[in-house]
Amino acid sequence: MYRPAIPSFIFRLAIGVAVFALAVTLFGRSSSANAASLSKAPAPHIMGIYHGSKLKPAGTNLVYQGGSVETAPLVYISWWGSQWNTGFSTGGYTSAQAQTYIENFFSNVGGSSWDNINTQYCEGIAVGSTKCGSSGTHITNPTGQLAGTWVDTTSVPKRPTQSEIQSAAARLMTHFGGYNPNATYFVFTPHGHSMSGFGTSWCAWHDEPTSGTQMAYAYIPYMPDAGASCGENFVNGSNNSYGNGYFDGFSIVAGHEYAEAMTDPHPERTSTNFGWITSTGSSGEEIGDLCAWASNSTDITLGSHYYAVQPLWSNASSSCVTSY
């Protein structure tokens, strides 16, 4: 995910004292946190907040680092917190409408020309390659990628930590039968319950545990809580009854994490586990980072509705595109 190269954004944590200091700021840990706890919950790969529209010029392509990709992608969703069952409202919209918007997006994104951008990337080719051609095993674009949703009624803290979010993702994975290497496990938290830093430094992130299962998981807070900083009305300036405009951030940000987890699902093990990024290390960017908050973000039609999305990076054209 996003490893921004400018001071106003958060960098991926480095080692030593700098790691600890930034982790306390980003994750809201107390001063009693120690190196062991940091090793269990390293800095995730974030999507930074909106700082103005831009369009990245043609330039550096994604580079295959030798790891795996999700060749037959699936999405599982955890609605973490009983609030999703009892219901809540913000901005004139209900939590049920938010769930419908998100679930319909993931139910219908497979098979779309936007999702097809990911199919140019693969695994099993020479490290350092920027094109797959007909070689390797490519990401596919099947329909019906939303494989399951679940309301996890475990109590969600006011400010959940990364390790608590990872545990929620693990519960989701277990609920749906255990680890699937092609799946991304999404954790959504309700209004008013988000990890520290949401909306001020970042909008969402994806990661994997540093040990045990290689579960690819992503965290999506309740986007309207951050307003325009995380995409509200970014594409659609006015709101409609379905939620277009007000819920723009959900499809932009969740779509960003979806594409990045698909093309780089294992970013925390070793450099040989990385999938497609510009480079290993703190300056490396993924398929969504290169086009985050791009001025050519747009609506795409999926099923009977349309959804705001950002473009994704295409190595084929060395540019940010919304179809392939």
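Structural remarks
- Environment charge at M47 (Cβ cut-off 10 Å; Lys +1, Arg +1, Asp -1, Glu -1): -4
- Potential lengthening of the chain between T174 and T90 amounts to 27.1 nm, from the contour at 0.36 nm per residue minus the alpha-carbon distance.
- Taking segment 143-165 and a reference point 7 angstrom along Cα→Cβ of S82, the backbone N atoms nearer than 12 Å belong to 153-156.
- Distant-in-sequence amide contacts of A204, defined by a placed amide H-H separation under 5 Å and a gap of 5 or more residues or a different chain, comprise M47.
- Amide N proximity, segment 245-271 versus S135 label position 7 Å along Cα-to-Cβ, cut-off under 16 Å: none
- Qualifying GluC sites (Glu not before Pro) in segment 63-166, where qualification requires a DSSP coil assignment and no more than 11 other C-beta atoms within 10 Å, are lacking entirely.
- Treating r as the C-beta distance of T280 and S238 and R0 as 56 Å, the FRET efficiency rounds to 0.85.
- Helix-derived mean residue ellipticity, 222 nm - over the chain, DSSP H n ≥ 4, -39500 (n - 2.57), to 500: -6000 deg cm²/dmol
- Prolate/oblate/rounded call for the chain, Cα gyration tensor, a/c under 1.5 rounded: rounded
- In a simple Cβ point-charge model (Lys, Arg +1; Asp, Glu -1; nothing else charged), the chain has a dipole of about 500 debye relative to its Cα centre.
- Among beta bridges that DSSP assigns inside segment 67-171, antiparallel share in %, nearest 5: 40
- Contact order relative to length of the chain, as percent, for alpha carbon pairs under 8 angstrom and 6 or more apart: 27
- Environment charge at V309 (Cβ cut-off 11 Å; Lys +1, Arg +1, Asp -1, Glu -1): -3
- Extension gain from R159 to T213, taking 0.36 nm per residue of separation minus the Cα-Cα distance: 16.9 nm
- Whole-angstrom gap from segment 176-193 to segment 256-305, using each part's C-alpha centre: 17
- Note on the chain: antiparallel DSSP beta bridges, both residues inside, total approximately 55 percent of the bridges counted.
- Within segment 90-126, backbone nitrogen closer than 13 Å to the virtual label 7 Å beyond the Cα of T301 toward Cβ: 113
Read-outs throughout are calculated quantities, based only on the coordinates presented, and are distinct from any laboratory measurement. Fair warning: this is a prediction, and the values are worked out from it, not measured in the lab. Backbone-built Cβ (ideal geometry, glycine too); neighbour counts: all protein chains shown.
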